[in-house]
1. Any residue at all in the range 5-23 that is open to solvent by 80 Å² or more (accessible area, probe 1.4 Å) and of a type in the set (A, V, I, L, M)?
2. Residues being aliphatic (A, V, I, L, M) and surrounded by fewer than 10 Cβ atoms within 10 Å (Cβ to Cβ): count how many of those fall in the range 29-62.
3. Of the numbered conditions (1) modelled with pLDDT under 90; (2) part of a strand (DSSP E or B); (3) among the small types (Gly, Ala, Ser), Ser35 fails exactly one; give the number of that condition.
4. So how many residues does the range 10-68 have that are out of contact with any Ser or Thr (no Cβ under 8 Å at 6 or more places or on another chain), touching a residue at least 24 places away in the same chain (Cβ under 8 Å) and not hydroxyl-bearing (Ser, Thr, Tyr)?
5. Looking at (1) in a strand (DSSP E or B); (2) within 14 Å of the chain's Cα centre (by Cα), which one does His50 not meet, given that it meets all the others?
6. Quick check: anything in the range 33-46 touching a helix residue (DSSP H, G or I) at 6+ places or on another chain (Cβ under 9 Å) and among the hydroxyl-bearing types (Ser, Thr, Tyr)?
7. In the range 23-32, what count of residues is obtained for those that are in a helix (DSSP H, G or I) and under 19 Å from Cys58 (Cβ atoms)?
8. Tell me which of these Thr33 doesn't satisfy, since it passes every other one: (1) of a type outside the set (Asp, Glu); (2) within 11 Å of the chain's Cα centre (by Cα); (3) under 11 Å from Leu68 (Cα atoms).
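The values are calculated or read from the model by the stated rules, or taken from the named source; none is laboratory data. These numbers were taken from a predicted model, which means no experiment stands behind them. Note: ideal-geometry Cβ built from the backbone for every residue, glycine included; neighbour counts use all protein chains shown. With ligands, DNA and RNA removed, areas are computed over all heavy atoms of the protein, side chains included. Shrake-Rupley method; radii C 1.70, N 1.55, O 1.52, S 1.80 Å.
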Amino acid sequence: MDKYSQRQKQELLGLARHTIVSYIERGVREFPTNSDPAFEAKRGVFVTLHMQGELRGCIGYPLPIKPL
């Protein structure tokens, strides 16, 4: 399996955080474009959100169905 560089990991984390904050603060669903062709490969991805130690929700695809 391919591995992402530290820079790529930071970019993905930043995109995820920005998307979540945009929805929570403004109710806007954003679908940002990415700058790295490596993110176009189909991957499984799963996100779990916690607030104050409590599970708030989770969503994702465990199998490689869509690009990141």
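1. Narrowing the range 5-23 to residues open to solvent by 80 Å² or more (accessible area, probe 1.4 Å): 6-7, 9-10, 17-18, 23.
Of the ones still in play, those that are also of a type in the set (A, V, I, L, M) are none.
Within the range 5-23, not a single residue is open to solvent by 80 Å² or more (accessible area, probe 1.4 Å) and of a type in the set (A, V, I, L, M).
2. Here the count works out to 3.
3. Going through (1) modelled with pLDDT under 90; (2) part of a strand (DSSP E or B); (3) among the small types (Gly, Ala, Ser) one by one, Ser35 breaks only (2).
4. 16
5. Only one criterion in (1) in a strand (DSSP E or B); (2) within 14 Å of the chain's Cα centre (by Cα) is unmet by His50, namely (2).
6. Within the range 33-46, one or more residues are touching a helix residue (DSSP H, G or I) at 6+ places or on another chain (Cβ under 9 Å) and among the hydroxyl-bearing types (Ser, Thr, Tyr).
7. Restricting attention to the range 23-32, the residues satisfying the condition of being in a helix (DSSP H, G or I) are 23-26.
If we keep only those that are under 19 Å from Cys58 (Cβ atoms) too, we end up with 23-24.
Within the range 23-32, residues that are in a helix (DSSP H, G or I) and under 19 Å from Cys58 (Cβ atoms) number 2.
8. All conditions pass for Thr33, except number (2).
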